[in-house]
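What follows is one structure encoded as structure tokens, with my remarks underneath.
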Amino acid sequence: MFRICFIDDDEKFEIPLFRDVFGGAFDIVAATDYVELNSQINSREGWMPDLFVLDLYFPRGPANRDEIEALRAEPLSLENDNAEIRTAYRNYLRARERLQRVLDAWNQNANGGLKLAEKVAADYPEVPIVFYSRKATLEDVVRCMATKNVWSVERKPTGKDSTDTIELTRLAQQRIIRRFKMAISKADSGKLERKKEAAEVLVEMLRGFG
């Protein structure tokens, strides 16, 4: 059985869900931070991971509860785009701004996950990494793919509530298992290298727009 290390800051929902859905297919070690994860690895004699699965967004500090309540009281309204490009683009900008406000309120960003991947790649240079995130933007995916040892970015199934999310994750189980196994086997490594080269070019372009 392949061995997976899973790191996610949500120990009450995400880690139990991951164990429940994927525990039958993989031997899983899970923790909310890298120090605790390494402690668990070292406590198992001869146990070495085949894959690291990492959340991308980690909190930088306590959430801004006042801002969270303000966001909940201010629902996002979008215009009917009527197939008009300008209106559709305004809707996109509003949604993106809303996402950033929510992330700021919860004090989360992708830097935590990217720095975590760098630590993992330094300590376990032969072990592939997969990001498993529901908040990753296109820009995040590009930066992830430009990071050493990152094999892919997988989208966490997301429902309208916790129950729906659990059900959607179970429905996606076999697809996600296949993706994890592809990373472990390092299938299509030549294709991955081409993706990384393209991602590095795009990262430079994104910096120009920053």
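Quick test of your reading of the structure: Ala187 fulfils all but one of (1) under 25 Å from Arg3 (Cβ atoms); (2) of a type in the set (A, V, I, L, M); (3) modelled with pLDDT under 75; (4) in contact with a helix residue (DSSP H, G or I) (Cβ under 6 Å, 6 or more places away or on another chain). Name the failing condition by number.
Every listed condition holds for Ala187 apart from (4).
Is it fair to say Ala122 is assigned by TED's automatic domain parsing to the domain that holds Leu51 and exposed (fewer than 11 other Cβ atoms within 10 Å of the Cβ)?
Here the answer is yes, as Ala122 does meet what is asked.
Among the numbered criteria (1) in contact (Cβ under 8 Å) with a residue 60 or more places away in the chain; (2) part of a helix (DSSP H, G or I), which one does Ala136 miss?
That leaves (2) as the condition not met.
Every residue in the stretch 46-66 that is under 29 Å from Met182 (Cβ atoms) and exposed (fewer than 14 other Cβ atoms within 10 Å of the Cβ), please.
Taking the stretch 46-66 and keeping what is under 29 Å from Met182 (Cβ atoms), we get 46-58.
Residues satisfying the conditions are Gly46, Trp47, Met48.
Among (1) over 16 Å from the mean Cα position of the chain (by Cα); (2) closer than 28 Å to Lys12 by Cα, where does Pro157 come up short?
Condition not satisfied by Pro157: (1).
Does the stretch 28-40 contain at least one residue that is loosely packed, with under 14 Cβ neighbours inside 10 Å and touching a helix residue (DSSP H, G or I) at 6+ places or on another chain (Cβ under 7 Å)?
no
Identify the residue in the stretch 133-148 that is farther than 20 Å from Glu197 by Cβ and in contact with a strand residue (DSSP E or B) (Cβ under 9 Å, 6 or more places away or on another chain) and, among all such residues, is modelled with the highest pLDDT.
Per the criteria, the residue is Ser133.
Which of the residues spanning the stretch 150-199 are in a loop (DSSP other than H, G, I, E, B), surrounded by fewer than 17 Cβ atoms within 10 Å (Cβ to Cβ) and touching a residue at least 24 places away in the same chain (Cβ under 8 Å)? Before you say what the answer is, go through the steps one by one.
Filtering the stretch 150-199 down to residues in a loop (DSSP other than H, G, I, E, B) leaves 156-161, 172, 186-188.
Checking which are surrounded by fewer than 17 Cβ atoms within 10 Å (Cβ to Cβ) leaves us with 158-161, 172, 186-188.
Result: Thr158, Lys186.
Residue check: is Ala198 modelled with pLDDT under 90, over 22 Å from Val102 (Cα atoms) and not aromatic (Phe, Trp, Tyr)?
Yes, satisfied.
Out of the residues in the stretch 34-62 meeting the condition of being hydrophobic (A, V, I, L, M, F, W, C) and out of contact with any Gly (no Cβ under 7 Å at 6 or more places or on another chain), tell me which one is nearest to Lys156 (Cα to Cα).
Looking at residues that are hydrophobic (A, V, I, L, M, F, W, C) and out of contact with any Gly (no Cβ under 7 Å at 6 or more places or on another chain), I get Val53.
The values are calculated or read from the model by the stated rules, or taken from the named source; none is laboratory data. Note that the structure is predicted; figures quoted are calculated from it, not measured. Here Cβ is always computed from backbone atoms with ideal geometry, including for glycine, and neighbour counts include all displayed protein chains.
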